[in-house]
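Inspection log for the structure reproduced underneath, given as structure tokens.
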Ligand code: Z2T
């Protein structure tokens, strides 16, 4: 959406402005002023962190006027988006902001004049790791794309004091270390001390009026927690538009209980405060696991309620009539974590704003939308009815009524009981639970999956019956990534090559990448492409040496498997292939093996023991192989600790091969697959998630597909073939035997027996079934690598053909088909 100053109500010129101009000298003065007046030091004594803070504050000033203008625009009656997400995996902000403002060179020069190196300074910034993985990173990419497309939007979430744990390795075992991103202050955020909402919990319900029905009740909560707003500007491309990420911090309504304090119970006086503030203390580290804990439910309600109250307050102020809410706002629920929004919006409308049920339901269902991110049964949120009753009694009542209105027509036409059970919001099969996916589905205007395959499977599996009742509700929105961060900023070498060949326009239009196709066979261009990639590999090799002590050869094939550690993502399939390859190298050392470096990185949920054992296996295998002269120059294995957004930015430009090897049907989309292909890595992958659409874009010749399809997995499982170890191939059998032989774990030879046992008794992730196909495909990878020109051609074609995976495209689709806002 384009807009100009003319229609803006809140004129930027009325506000104080920082010194004009973007010259390096002007910036130098601005940074020095921040150093003195905000950080309180001088160049002689400033630490790198002081310089970082001063620089960030000087850069932030350049955002403020646009932010104010954008706010005026966002509030001028245009429909805006509220993206509700329990996670925002942002990473660092300085480079992103400099890149979008086109200020990188200017600030580099300004700092150089002060004897300070920009690259050293920006490395200081802690990652904002307010998310676990793909879901949280998607929210961050979407925020950036919405700002870049000049779409009025707010992100709403929680300002966790501690983000995702830092991962340490001790003897190859994962250690979870506390993460403290805020201890040295956060230069990007603004505390809105006046912007506070009350979030109620617990207590009981009183019936006020004698009229029947769901209205006329009063909730007397036992406890109230305050939600205080912290705003961070989200700067769009070329700084044209700036949106707001509003994160809530929990505070006790009463900072301390004076009665207890005065009677001498000083600790007790603070107990309520501690309990209230626990809500925004720490991010839950579970990735695709049901968190099933009371504190998690409190987090979900806390941010959902505060965000809705904020939205209603804004709407009432600007437009008065709540019936027009759907004309001015669309809410996107990022998975079911904010699904209580269905009940909470109803409660606010009927109990607090005295609307009739039907009116409120119409507003609710026209405002809310829901994105599903997984079909894995253990990840589908459900809350015990008893817990909900205790924490959110009024919401449970409203949910029951929603469910009644939803089931009543089925009961009336005496529908099949099995159907009624399947579509009910309450799961009564074993104990009573509220199914959050069902609640979100019923309360939403549109429900979407995140890749074509995943959306199709949603229609056939978890939402099959609901889909039959509401056939137009489910739509597909294949995920995307922001090229500003994942190409322009993470890979300046490649970006420079692209702008040199295709002009600056390629920065504004990812579709322009396609023009690179004509250079795919050009050997001079291939050389440039390889040189650029080599530089990134040298850079990664340096980091690998610093962090693991392992020396790797930048000339080798860098085979990269980076993502959360999870059985369905099948890191173990990769490790078993490493073991088989090592075995083959030892028995035939004279063959001309393709030199490979296997690079792993990823965190395991702290309570996921098997995932942590897989990390240990990777490290044990690495230690033995890296110290064996027989493997030297042929195979190296690296596990890089503490995978996060910043580390991804370094690994991705250096990857030759991208491992996307989940069991077909299990990875909803994947987004790392897109980042790696964009940066020129070839994919080895299954027909899962967005891999299928990547193949369509890059062409079947430029991607290595192996393994069973989702349908074949289904059939295989139904026939119980995954439990039949007589089907194991000799090569697979041998790899398993080596794993359990103790050669990788001489200190504890039985360490990996449980892994082998799981694969032989119930290979739920089809590792054995896909192993041979994976092995054979890896040998095809070797063959192509031995033809450098053919490899480079495929690599160039990957970069040139994945423009469609820009999150700008994804957001345009949401805007057109779900939110109904112009872009
Ligand atoms: C997550 O990162 C994803 C799904 C979840 O389901 C939870 C988390 Cl924390 C509840 C991922 C999917 O696994 C991945 O395939 C997808 O690309 C990503 O969300 C974004 O949609």
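Any read-out appearing in this document is the output of simple, stated calculations on the displayed coordinates, not a laboratory observation. Not measured: the values here are computed from a predicted model. Positions of Cβ are backbone-derived with ideal geometry, glycine not excepted, and every protein chain shown enters the neighbour counts.
Here are some notes:
- From least to most packed, judged by other beta carbons within 10 angstrom and beginning with the fewest, 728, 383 follow the order 728, 383.
- A Förster radius of 25 Å combined with the Cβ-Cβ distance from residue 359 to residue 209 puts the calculated FRET efficiency at roughly 0.90.
- Cα→Cβ-extended label distance, 7 Å offset, between residue 523 and residue 45, nm: 6.3
- Each stretch of four or more DSSP H residues adds -39500 (n - 2.57); spread over every residue of the chain, this sum gives -13500 deg cm²/dmol at 222 nm.
- Rounded to the nearest 5, the antiparallel percentage of DSSP beta bridges internal to the chain is 45%.
- Stretch gain in nm, segment residue 723-residue 776, where the contour uses 0.36 nm per residue and the Cα spacing is subtracted: 16.8 nm
- Label-to-label distance, nm, for residues given as residue 761 and residue 823 (7 Å Cα→Cβ offset): 4.9
- Protection proxy ranking of 567-578, 501-512 - average other beta-carbon atoms within 10 Å, highest first: 567-578, 501-512
- Full-stretch length increase - residue 590, residue 260 - with 0.36 nm per residue and alpha-carbon distance subtracted: 110.9 nm
- Ranked list, fewest to most other Cβ atoms within 10 Å of each Cβ, for 632, 249: 632, 249
- In terms of packing, defined here as the mean over residues of other Cβ atoms within 10 angstrom, the peptides 214-222, 110-118 line up highest first as 110-118, 214-222.
- In plain terms, the chain from residue 583 to residue 505 could stretch by 23.1 nm, reckoned as 0.36 nm per residue minus the Cα-Cα distance.
- Using R0 = 25 Å, the C-beta based FRET efficiency linking residue 413 and residue 290 works out to 0.15.
- Relative protection proxy for 53-59, 178-184, from highest mean packing down: 53-59, 178-184 (other beta-carbon atoms within 10 angstrom).
- Exposure proxy order (Cβ contacts within 10 Å, fewest to most) of 726, 305, 607: 726, 607, 305
- Extending 7 Å from the Cα toward the beta-carbon at both residue 171 and residue 789 defines two label points whose distance is 5.4 nm.
- Förster-model FRET efficiency, 45 Å R0, residue 114 and residue 323, C-beta, rounded to 0.05: 0.20
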